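The values are calculated or read from the model by the stated rules, or taken from the named source; none is laboratory data. Please read these numbers as outputs of a predicted model, since none were measured by experiment. Each accessible area value is taken on the protein alone, full model and side chains, heavy atoms only, with ligands, DNA and RNA left out. Shrake-Rupley method; radii C 1.70, N 1.55, O 1.52, S 1.80 Å.
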Amino acid sequence: MSSRRNFIKDFTGGTAAVCCIPAALLMDACTPVNRIRATVVNGKIEVDKTMFVESKYVVINTDRLKRPVYLNQVNSNSYRAFLMDCTHKKCELRPTGTFMTCPCHGSEFSNSGQVLNGPATDPLYEFSVQVKDIKIEIDLTQIVQHGKEN
């Protein structure tokens, strides 16, 4: 009997902790991740704008990069692309609806690549993006970090 009581006590205590999580975080965690595979041609990836009908971001995997690219829709004609590599210890980030988290040490990054919570201190590596009619072109050879092209 005592193990059943302990289970119920532990379970309800855990449930109470989950109920204290802000609703916005729970909603972000439940947002479906739109993942695609893209081919890199001449150092660039092209993504169709229709990928953003149901979501504000897409995660792009390629055979050329160690980590995926996070492509975020800022508005109907503006997009930003980031390497999903934590700038703290190089762990792959996990996307949510409004930010990315690092499963290794808990760093969080905004959809604009800025650090929300450490231990990371540097923003994410950002790729140059151009919008061309119905396509979005990500130039993997043009890295923008800290607002400057390198």
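Protein heavy-atom surface of the range 65-150, 1.4 angstrom probe: 44% of the accessible area is carbon and sulfur, with nucleic acids and ligands not counted.
Checked against a 19 Å cut-off, the cross-linked pairs K90/K135; K66/K90; K44/K89; K66/K135 give Cα-Cα distances beyond that limit for K90/K135; K44/K89; K66/K135.
The shape of the range 78-150 can be summarised by an equivalent ellipsoid whose semi-axes, obtained from the alpha carbon gyration tensor, come to 23, 13, 10 Å from longest to shortest.
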